[in-house]
Amino acid sequence: MPRRRIAFKAYGLRTPVRLRSPHTLLAGCVLIAIAAITLVLVSGLNAGQLRSIGPGMMPRWLAFGLAICGIGLVITSFLSDEEEVGAIPFRGSIFILGAIFAFASTIRPFGLAVSGPLALVVAGYATPEARLRELIVLALALTAFCIVLFGDFLNLPIPIFPSQLLDYLPEGWSLKFAMRVHSGLLIAFAVAVALLPLHREADPLLRAVPQKRKD
Amino acid sequence: MGAFVDNLSLGFAIALSFQNLGLAFLGCLVGTLIGVLPGVGPIATIAMLLPITFGLPPVGALIMLAGIYYGAQYGGSTTAILVNIPGEATSVVTVLDGHQMARQGRAGIALGIAAIGSFFAGTVSTLLIAALGAPLATLALMFSSAEYFSLMVLGLVFATVLARGSLLRAFSMIILGILMSTVGQDLDTGEERLTFGLSFLTDGIDFAVLAMGLFGIAEIIRNLEHTERRDVVKATIGRLLPGPEDFRQSAKPILRGTIVGAVLGILPGNGAVLGPFASYTLEKKLADDPSRFGKGAIEGVAGPESANNAGAQTSFIPLLTLGIPPNAVMALMVGAMTIHGIIPGPQVITRNPDLFWGMIASMWIGNLMLLVINLPLIGIWVRLLKVPYRLMFPAILMFCCVGIYSINSLPSDVALIGFFGLIGYILIRLGFEPAPLLLGFVLGKMMEENLRRALTISRGDLTTFINPWTHPISAALLAIAVILLLLALLPSVKKGREEVFVE
């Protein structure tokens, strides 16, 4: 590199400028984009003057600051190398975000009893090492734990059961009692699934995992 | 001196009754157990456990509340170290080196040092409060908007030192954090800013949601990239408690952290939140090998944790004497105190001396309980790390969702942690770091409010912040900020020059 550097200094811009770090360039562009979006969004707000600052002034100053940092990063991307960036894993993000949105959309209508296990199992598949049986056991056990802790012990206003099903509770059953019964059932199911003997070759649940052959 | 001893003995006489000891123990235990759940930070923990104290007599209730408070704080640190999720602004610093230590198999040591450092800081701070409570309240009265603003600016300069990477990137993250704190309704005019018309953004972004998404979710996504690297947390747990070498390295940081935290905690306006950051900055500057920070330096846990606890205790001084809670946790405490009959304000020391001093004494007992309860529990926490990650992360995710939902009962909050998780992950891949963003966010609101107020008072005169005649404290704080910034920039300028010459 020394020759190129000296050449750059001696001949100025006649030497072609080489992009040395696309990673940093992208970072800088993202900042500039955020700054631009912000400026557009607050264009309707009154910035006021220094002695009576309006709502628009801080966002505007900050957007300018951000843009300057972005430009700085863009310049840096031509000046120094940075290390390689690996591939973006889509599987992880999709399943994690899917699990979170599944929880958010099902918690109110269906309660923790449904959204808890759902979120946990969906999230579990974010890794290629997912095993359905383990996830089910974990989901059932943890949901039972959460119901007892948050719903029963701490009395938090988290919906536990689907609102429609609450009409079908047997007479005399309080909500807390229903919670405890449900938790008990969950634990029982969890234990049952955990102890269920399944042949490895025939088990459809384990197909996702590459099995080490035992011969 | 006589009054000092009298007050403390009164306090301890009350706090050491059998019932009150039991309540303190219970509070600490429950606070820690709930606080340690990932997704449930100190704020959520205290809010959840507050109703348990309602049925108790006032002194007992406050003692249990103090126990819950410390338990929640320590539980939050435990989560920060083990799972890399900061439950509160002050845990952001613990996460930096504490989690790295956990990854290196030194989780027990990190947890132990955090507990011991906190206990030492708590002891010193209790003595400070007892001795200096009243006189220090007068310091609070000298602070006006300009001083608050300059203090926040100083805090942000600390944030740049937290950055492991380039300063330019850290600086841009700070700015982005402040920008995100402007989302919501404007303070003075009520106009909506940057809310995209979404109703749940009208009140702005919740800190817990942002922290969970940026740190917790983004971290989980990042860990899933490297299937080989994932079980990095070593199976060999090693020593559970800090050894002599660790103590030797941590002794001075604990001392310095205590002083820094105690001083900053007394300052009104959430000065306590700057304690850990200032301590981290200090330790990094004083260290023989600053490059160890961010990779598991024990000083990066010992100092900030002590500062955190010292600040948490001394921040009761402006709280009890001025009646202004500096942050959400303190606001909850004020609410609880009011319910039980202590109305914070200048007369609280004279009007309810037994409640006041009983509470101060019970704070120290709470610290002691924490040590007693948690050191044995460290073994259990550390063993949790052995659970294979493919099972851990869905569990963490579920707790996060439930925890976040329990704060405001808003599904949009839960969806937002997913959104911020994605943003956080993208930022990390682009080479940015979330820690400075979080600090910018925390300080942003206060900064803007005080900036506007100071400039309104000075009628648009920007020099009011550095004018040594009208605002000497503000000028001093800004001067320190500039000096620190220069100190941070100089090494990189020098290094840059060297690189050019080397090539």
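All of the numbers you see were taken from the coordinates with simple rules; none came from a lab. Owing to the predicted nature of the structure, the values given are computational and were not obtained by experimental measurement. Cβ sites come from the backbone with ideal geometry, for glycine too, and all protein chains shown count toward neighbours.
Both the radius of gyration and Dmax for the stretch B:382-477 are 21.3, 62 Å, in that order, over alpha-carbon atoms. Label-to-label distance, B:MET142 versus B:PHE247, with points set 7 angstrom from Cα along the beta-carbon direction: 3.9 nm. Along its three principal directions, the equivalent ellipsoid of the stretch A:90-206 from the Cα gyration tensor extends over semi-axes of 27, 19, 11 Å, largest first. The packing ranking, built from the mean of other Cβ atoms within 10 Å per residue, places the peptides B:458-467, A:172-181 in the order B:458-467, A:172-181, highest first.
Å³ per residue of the Cα convex hull, for the stretch B:52-109?
Details: hull volume 5.0 nm³, N = 58.
Spread over its residues, the Cα hull of the stretch B:52-109 gives 85 Å³ apiece.
A simple spin-label model places pseudo-atoms 7 Å from Cα toward Cβ; at B:ALA13 and B:LEU489 they are separated by 6.0 nm. Legend: Rg and Dmax of chain B, from Cα coordinates, 22.0, 73 Å. Sorting B:90-99, B:302-311, B:448-457 by their mean Cβ neighbour count within 10 Å, with the most densely packed peptide first, gives B:302-311, B:90-99, B:448-457. Seen from a random direction on average, the alpha-carbon convex hull of the stretch B:5-93 projects onto 6.3 square nanometres.
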